[in-house]
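Notes to accompany the following structure.
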Amino acid sequence: MTEADHLAELSRRLTETAERLGQDGLDGDEARNLATTCAELAAEAAVELDRLARGGTVDLAPGQEELL
């Protein structure tokens with residue numbers, strides 16, 4: 001998968017998750033989980049964009065990728 005493909009996939013997943021978050025009838029736990037997923041996807045996209053802007057890889061601290 002190319003970087004562009006990965007970013008497109010992240011964007012698609014973020015859009016879908018945000019749309020679900022905007023739906024009526026969500027309970028509190030579901031809304032919280034969807035908001036968390038949105039934040040995780042946005043953070044992953046930000047890291048990928050930063051890496052691409054720098055023209056290389058980003059060295060993550062041990063365990064940091066698990067936070068994303």
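The values are calculated or read from the model by the stated rules, or taken from the named source; none is laboratory data. As the structure is a prediction and not an experimental result, all values here were calculated from the model. Glycine also receives a Cβ, built like all others from the backbone with ideal geometry; neighbour counts cover every protein chain displayed.
In the stretch 12-34, the residues that are small (Gly, Ala, Ser) form Cβ pairs under 6 Å with partners that are part of a helix (DSSP H, G or I) and at pLDDT 95 or above, at six or more places apart or across chains, as follows: ALA18/CYS38.
LEU67 meets each of the listed conditions (1) among the hydrophobic types (A, V, I, L, M, F, W, C); (2) within 14 Å of the chain's Cα centre (by Cα); (3) modelled with pLDDT of 95 or more apart from (3). When residues in the stretch 43-64 are screened for being part of a helix (DSSP H, G or I) and either modelled with pLDDT under 55 or not aliphatic (A, V, I, L, M) (or both), 6 of them pass.
Please determine, by comparing only the residues of the stretch 1-32 that are of a type in the set (Gly, Ala, Ser) and under 17 Å from ALA43 (Cα atoms), which one is surrounded by the most Cβ atoms within 10 Å (Cβ to Cβ).
If we filter the stretch 1-32 for residues that are of a type in the set (Gly, Ala, Ser), which is where we start, we get 4, 8, 11, 18, 22, 25, 28, 31.
Within this subset, residues satisfying the condition of being under 17 Å from ALA43 (Cα atoms) are 4, 8, 11, 18.
Working: ALA4: 9, ALA8: 12, SER11: 13, ALA18: 15.
Filtering the stretch 1-32 for residues that are of a type in the set (Gly, Ala, Ser) and under 17 Å from ALA43 (Cα atoms), the one surrounded by the most Cβ atoms within 10 Å (Cβ to Cβ) comes out as ALA18.
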